[in-house]
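Visitor: Below is one structure. I have some questions about it.
Each reported figure results from applying straightforward, stated rules to the coordinates on display, with no laboratory input. Computed from a predicted model, the values in this text were never measured in an experiment. Here Cβ is always computed from backbone atoms with ideal geometry, including for glycine, and neighbour counts include all displayed protein chains.
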Amino acid sequence: MDKKARNILFKTYWKNGWIDDRDRTTTKEDFEYAKSRGLMFDNISITHNECIHEILEIIEKISIEKVSQAFLSSLSNRRLDWRSSIASYSIAKQLTNHEYSKAVSGHGYNENGEINYTSYTCGICRELKHGIWGYEKYVNEDLNVLNFERIKWGGVRFGKILYTLFDLRMFCAEEISGPTSEDINILKNMLQTIESSQPNDYPGALEKRLSGCIKSSKNERKVLIEIMACIEILKPGSYDRPTTGRHDWRYAEFWRGEDKYNKDAVRKYFGKYL
């Protein structure tokens, strides 16, 4: 990855925290440089139906072995963008070819309690596992923030079809190195840590415990847990469980320490390495 282009991308969105939309600037020269290195992009306009069609075309060209290799290889070299692809692959494999079906996803209310805004998503996507999110049209969407998130944390917007498409597009252009013995040992240590969880542990407790297994920040570990939950390595034994107040878990929300890890999913993705 070109270091200068990466820095241009990062300084557009982040300076000790998110840069406010109004304050984000990139010179034309910097943008063109990062674009020439494949790290920044022109905005995109695309429909839900076009997204689904292209995702289904791309997923036919990607093997489970390749995304598993990418995930493993990311553990020691911290190419977090490689890590993201296994979740996008799993999400894409749920999709079937379909047309956008308009469904209400939520409302906004004014100070009088009256509805002043209604949002919509694709009802067919929403009915899939964990609820996949698809707008009817994407107009002038910023792909660069998606790339920033996948490089910095390993992805954030899993389950949103525009991110799924973008992530898989980027993955297809990558040359992925094979996992090392260090990568495999990190995975083994992570699995042992999960297996030794206390029955009532929540995902937050696991995040803290994983800090001893892999060089990472708190946010990187949270995304790592979400990815493992998305591909069902962290599979809840029940979805009828209380959750703690405010949290931003999606895929891992109902996992508890008593669930340990799903051995079938581990074999599916990483059996050849273990």
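Visitor: If I take all pairs of Cα atoms in region 1-74, what percentage of them are more than 21 Å from each other?
Guide: Details: 1443 of 2701 pairs.
In whole percent, the long-distance tail amounts to 53.
Visitor: If pairing requires two Cys Cβ atoms under 4.7 Å apart, which cysteines of the chain are left without a partner?
Guide: C51, C172, C213, C230
Visitor: How high is the relative contact order of region 1-40? Use alpha-carbon pairs under 8 Å, at least six apart in sequence, and give a whole percent.
Guide: Relative contact order for region 1-40 comes out at 54 percent.
Visitor: Further question on the same structure: Sequence neighbours fewer than 8 away in the same chain don't count; with that in mind, list the aspartates and glutamates whose C-alpha is under 17 Å from K129.
Guide: Counting by Cα, and skipping residues close in sequence, K129 has these aspartates and glutamates nearby: E226, E232, D240, E253.
Visitor: Residues of region 140-172 with amide nitrogen under 15 Å from the 7 Å Cα-to-Cβ point of K61?
Guide: Zone members listed by number: 165-172.
Visitor: Then there is this: For the pair Y109/E50, report the inter-label distance in nm, with labels modelled 7 Å from Cα in the Cβ direction.
Guide: Taking the simple label geometry, Y109 and E50 are separated by 3.8 nm.
Visitor: If contacts are Cα pairs under 8 angstrom and at least 6 residues apart, what is the relative contact order of region 181-273 in percent?
Guide: 35 percent
Visitor: Here's another thing I want to ask about it. About the Cα centre of region 181-273, what is the dipole size in debye to 20, counting +1 per Lys and Arg Cβ and -1 per Asp and Glu Cβ, all else neutral?
Guide: That gives region 181-273 a dipole magnitude of about 120 debye.
Visitor: Still on this structure, I have one more. Starting at the first residue of region 124-141, write each ³J(HN,Hα) from the Karplus equation 6.51 cos²θ - 1.76 cosθ + 1.60 with θ = phi - 60°, in whole Hz, x for Gly and Pro.
Guide: 5, 4, 5, 7, 6, 4, 6, x, 8, 10, x, 6, 5, 9, 10, 10, 6, 7
Visitor: Using modelled backbone amide H atoms (1.01 Å from N, in-plane), which distant-in-sequence or interchain residues come within less than 5 Å of K160's amide H?
Guide: W133
Visitor: Need one number: the % of Cα-Cα pairs in region 1-40 sitting beyond the 16 Å mark.
Guide: It works out to 31 percent of all Cα pairs.
Visitor: Out of every Cα pair in the chain, what percent are spaced more than 27 Å from each other?
Guide: That fraction is 43 percent.
Visitor: Rounded to two decimals, what is Rg over Rh for region 130-180 when you use alpha-carbon atoms and the Kirkwood radius?
Guide: Using only Cα positions, Rg/Rh for region 130-180 is 1.02.
Visitor: Between T96 and R246, what is the spin-label point distance in nm, taking each point 7 Å from the Cα along the Cα→C-beta axis?
Guide: Distance between label points: 4.0 nm.
Visitor: Let me have the relative contact order for the chain, percent, based on Cα pairs under 8 Å that are six or more residues apart.
Guide: Relative contact order here is 19 percent.
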